[in-house]
Amino acid sequence: AILGNHDRFQTGELLEASGIPVLFNEGVLLRHKECSLWLCGIDEPHFYKCDDLEAALQARPENTFTILLAHSPERTEQAATRGVSLYLAGHTHGGQIRLPFIGALISNARCKRSQIWGAWRVKNMAGHTTAGIGATDVPVRYNCPPEAAVLTLRLDTRT
């Protein structure tokens, strides 16, 4: 897990006490049979700006598929440059209020409009920003239903 701008440190302690590791600018190598991936998380980059991508990638083995958990899609260029394979984010609530033909009125993040909600790409890196299930500031959603995204990763055996 990672924490967001509305989470308190105690939330992280509760998650870890429940057996869910919280990644604070760090990563872990996960192995299954002959496959492995680097799962890393950075602290909240939008409000607190205490994220450290270099620390999260520091112990990553070379040429390892890398998933970055980031509360906000604000470090996409840096992550793509550093070889992150998949960037998963939230924070934007999908724009929360989306007008037809215009889209989100606000993004709530310093990112490209295409990264506010759904799947996107930066260089060779895939990314996904979920709209989440909650709301922020104004407790209203318009043309932006809540979602709990389920992504399936598959090993590409074509090579």
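A few remarks follow.
- GluC sites (Glu not before Pro) restricted to segment 10-61 and DSSP loop, no more than 15 other C-beta within 10 Å: Glu34
- Under the combined filter of DSSP loop state and at most 10 neighbouring Cβ atoms within 10 Å, segment 1-98 retains these trypsin sites (Lys or Arg not before Pro): Arg8, Lys33, Lys49.
- Segment 14-123, relative contact order in percent, only Cα pairs under 8 angstrom and at least six apart counted: 19
- In the chain, the DSSP-assigned H stretches of four residues or longer account for a calculated mean residue ellipticity at 222 nm of -3000 deg cm²/dmol, using -39500 (n - 2.57) per stretch and the full residue count as denominator.
- When the chain is reduced to its Cα atoms, the Kirkwood hydrodynamic radius in Å: 16.4
- ³J(HN,Hα) computed for each position of segment 126-133 - Karplus, 6.51 cos²θ - 1.76 cosθ + 1.60, integer Hz, glycine/proline x: 8, x, 8, 10, 8, 6, x, 10
- For Tyr87, residues with placed amide H under 5 Å, excluding near neighbours: Leu68, Ala126, Gly127, His128
- Computed about its Cα centre, the charge dipole of segment 16-153 is approximately 540 debye, with only Lys, Arg, Asp and Glu carrying charge at their Cβ.
- Per-atom-type breakdown for the chain gives carbon and sulfur 56% of the accessible area (1.4 Å probe, protein chains only).
- Spatially, segment 7-21 and segment 25-64 are offset by 18 Å when compared through their Cα centroids.
- Solvent-accessible area per residue for segment 53-159 (1.4 angstrom probe, square angstrom): 59
- His32 contributes about 120 Å² of solvent-accessible surface, heavy atoms of the protein only, 1.4 Å probe.
The values are calculated or read from the model by the stated rules, or taken from the named source; none is laboratory data. Every value quoted in this text rests on a predicted model; they were computed, and no experiment measured them. Cβ: placed from backbone, ideal geometry, glycine included. Neighbour counts: every protein chain shown. To get the accessible areas, we keep the full protein, side chains included, count just its heavy atoms, and leave off ligands, DNA and RNA. Shrake-Rupley method; radii C 1.70, N 1.55, O 1.52, S 1.80 Å.
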